[in-house]
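Down below is the structure, laid out as structure tokens.
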Amino acid sequence: MSNATISIQLPDGSVREVARGTTPYDIALSISPRLAAAVVVARIRPLATTAVTATAADEPSEEAMYGAAVSGERLVDLAAPLTEDVALELLKENDEAALRVVRHSAAHVMATAILELFPEAKLGHGPATDSGFFYDIYRETPFTEADLAAIETRMAEVVARDEKFVREEESREAGLAEYQAKGEFMKVHFIERFTHAGETISLYRNGGFVDFCRGPHVPSTGRVKAFKLTSVAGAYWLGDEKNQQLQRVYGTAFFNGKDMEAHFKRLEEIKARDHRVLGRQLDLFSIQEVAGAGLIFWHPKGGLIRKTMEDWMREECIRRGYDMVFTPHIMRRELWKISGHDGFYGQNMYPPMELDDAEYRLKPMNCPGHILIYKNSPKSYRDLPARYAELGNVYRFERSGTMHGLLRVRGFTQDDAHIFCTPQQIEGEVAACIEFAESVLKTFGFEEFKVELSTWDPNDRKSYVGSEENWLFASGSLKKVLEAKGIPYREIPGEAAFYGPKIDIKLVDVLGRMWQLSTVQFDFNLPQRFELEYKGEDGELHRPVMVHRALFGSVERFFGVLIEHYAGAFPFWLAPVQVGLVPISEKHLEYAQRVKATLEAAGVRVELDTRNEKMNAKIRDFTLQKVPFVLILGDKESGSGSVSVRTRGKGDEGSVALESFLERTQALQAAKGVAL
RNA sequence: GCCGAUGUAGCUCAGCUGGUAGAGCAACUGAUUCGUAAUCAGUAGGUCAGCGGUUCAAAUCCGCUCAUCGGCUCCA
């Protein structure tokens, strides 16, 4: 191979020898002009093994954004001269990574528009996100809706100008000096943080706009074909609320208008299954302004679902060897001082209530209560493991902008349990917890979930309580259990609580969104603070190991997720009204009453619509309430003791004998399945 | 807590640049007695989130408070 040529390997395995400095665009053009027109960006992977370049120190979010891999694989501009032997992939308008490049380019287009309209604005960063892009802007006066519209209009002009994105390089020192002179404090920070002395920095220019940026971009602004600004929100510089507040202008961009339409349609669908919207439509729960933010009122129908969830959970706990306990909602402040919550968790607790005998505080956690039960009598190794479970109401004073329907509230119910055991019992207990968690998710209809193992950062010993031996042992047993069960997990060092490592289970709902619910956590702190003990076989006193575990996590949150997961169309066993009865006319009311009595005697939840409405209206209302079965009752049915069945999602299924319908409901009730 | 937006009947919303409120659905009453997603007519329903201010006059303008929404931050 001569020095003047390099080898380009294409995805089909073929290799081309081209002049050094040839660009991906040149290669696309040599393959076909249509390919050249459709290609957005190129992915290269150096073929030489030593080719791993110094991209490791780049900004983490950018890293995630472009998915840089260990092999030195990276995305480059189509106009980037190729200087080494590479495997080359030309990404067209059907590629996820290419879409992110379009979105990031759209962020540049937006920044261009903003600076043209508001020259005083200072730029932060403008990455692509999962659903679009944003750019952080510092400006004294906040942007208004009208500003957004103006920016969007100007963006369209920038796109129409079809300005080329040109990569330029200059010395880091020159770049820094320029940005410092212009007071671009954020750009200065980024250059200082992500580049090193002596390096060159890359700038991207389109028309009159230049931005310090790693790239890559689409070839020209004209390639940002479909975009829309969606909102503006506050964000702190570097995510620290002590810093100045920036304005984060959000938008989204797509390869074409059709994709964008589909995206907004999907947003509509998500909104239609929003648990806050369905909660009102289906009359499940409410939040009342007079009562206070973040406090949930469970209406009869929501309450019934909750009761079903809780009954199942209690039975399951008992079956699995837990003891159900109850502990008070308020306890003396002294207790919270011993547990440490009064100090390190104090800001999240409701303030103390001054009473005659002492100060009391509302409980934010159930652990101290369970510990007091454990401590109430001396324990021996024969008493372990002790598993105390409670559907405990806790109150946490969440900051006022953070509440969100059922998913983030101030008063909630944890299906909390604390297991006190010997170190030898740990593994078995953790395994049982994980199994239990799987059973919860499966029973409630979630097939997919992700597991995270949070461990400590061994380089930051002082941030964690407990001995190194304990930490290694506990993390090791958590890991062992996951591996023995063949559960894939992600380990996140440094994410553990200060008191112990934990396993979090995040479930994935029908829309692919993740929710953190179940958690299994070790605690080396509380047994020590409360001086928990048990007498071992050896006659000596030992300190038990403590495991916190919540599977629904919070009953409120789990319910919220359930509502969205099913879009309010709950499986038969959970549906608050399982069967709706529609008498065709008043003269069928009597038969309807008899059907109702028969079904109710068998434990079926029935609602009879006695209103003076046409049957069509009644069917419609039950359908909108997502009732699993609607039974139409007229002359034919009352004459033969049958019911005409209309099934949710299926429609009219014709008449069957009342007894056989009843059997069907009994089978569904027992199966707890989703299908009707 | 911070930035921005919003708050009108049970629900979804209209109400222009200030002249003390309107629709559809729901509710109630009556007529209708009906075969698989909305029968017709009538009635009733609102301290326009709350408090304060400007004004002859405030749903509308100003201030504060509360709540909600989208983010930041935080978290079950």
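The values are calculated or read from the model by the stated rules, or taken from the named source; none is laboratory data. Keep in mind it's a predicted model, so treat the numbers as computed, not measured. Glycine also receives a Cβ, built like all others from the backbone with ideal geometry; neighbour counts cover every protein chain displayed. We work out accessible area using only protein heavy atoms, side chains counted, and drop any ligands, DNA or RNA first. Shrake-Rupley method; radii C 1.70, N 1.55, O 1.52, S 1.80 Å.
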For chain A, build the convex hull from the C-alpha positions and give me its volume per residue in Å³. 239
Highest to lowest packing among A:75-84, A:395-404, A:363-372, A:229-238, scored as the average C-beta count within 10 Å: A:363-372, A:75-84, A:229-238, A:395-404
Let's test this: bin the Cα-Cα distances of segment A:296-379 at 5 Å from zero up to the farthest pair and state each bin's percent. 3, 12, 16, 15, 16, 15, 15, 7, 1
Which order, highest average first, do A:164-177, A:201-214 follow once you tally other Cβ atoms within 10 Å for each residue and take the mean per peptide? A:201-214, A:164-177
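Based only on the alpha carbon positions, what is the Kirkwood hydrodynamic radius of segment A:97-269, in angstrom?
Radius from the Kirkwood sum: 16.5 Å.
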Label-to-label distance, nm, for residues given as A:Lys242 and A:Arg594 (7 Å Cα→Cβ offset): 7.8
Leaving out same-chain residues fewer than 8 places away, which lysines sit with a Cα under 16 Å from that of A:Lys228? A:Lys258, A:Lys265
Simple spin-label model, 7 Å along Cα-to-Cβ: A:Ile487 to A:Ala38 in nm? 4.4
Which log10 I(q)/I(0) values does segment A:579-671 give at q = 0.15 Å⁻¹ under the Debye formula, counting every alpha carbon as one identical point scatterer? -0.49
Cα long-axis angle, helix A:300-319 against chain A (0 to 90 degrees, to the nearest 10): 80
Using a 1.4 angstrom probe on heavy atoms only, work out the carbon and sulfur share of the accessible area of segment A:281-355 in %. 57
Beyond a 27 Å Cα-Cα separation, which of these cross-linked pairs lie in this structure: A:Lys442/A:Lys479; A:Lys307/A:Lys596; A:Lys242/A:Lys271; A:Lys450/A:Lys672; A:Lys618/A:Lys650; A:Lys271/A:Lys506? A:Lys242/A:Lys271
Taking only Cα atoms, what is the 0 to 90° angle, nearest 10, from helix A:185-194's long axis to the longest principal axis of chain A? 90
In order over segment A:562-570: 3J(HN,Hα) from phi, Karplus 6.51/-1.76/1.60, θ = phi - 60°, whole Hz, x for each Gly or Pro, gives 4, 4, 6, 4, 9, 6, x, 8, 5
By per-residue mean of other Cβ atoms within 10 Å, what is the highest-first order of A:531-544, A:8-21, A:323-336? A:323-336, A:531-544, A:8-21
Averaged over all directions, how much area does the convex hull of the C-alpha atoms of segment A:230-301 cover when projected, in nm²? 7.9
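Per residue of chain A, what 222 nm ellipticity follows from adding -39500 (n - 2.57) for every DSSP H run with n ≥ 4, rounded to the nearest 500?
-10500 deg cm²/dmol
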Measuring from label point to label point, each 7 Å out along Cα→Cβ, what is the A:Glu289 to A:Glu310 span in nm? 2.9
Taking the Cβ-Cβ separation of A:Ala149 and A:Ser439 as r and a Förster radius of 60 Å, what is the calculated FRET efficiency to the nearest 0.05? 0.70
Step through the residues of segment A:126-133 one at a time and calculate ³J(HN,Hα) from phi using the Karplus curve (6.51 cos²θ - 1.76 cosθ + 1.60, θ = phi - 60°), rounding each to whole Hz and writing x for Gly and Pro. x, x, 7, 10, 4, 10, x, 7
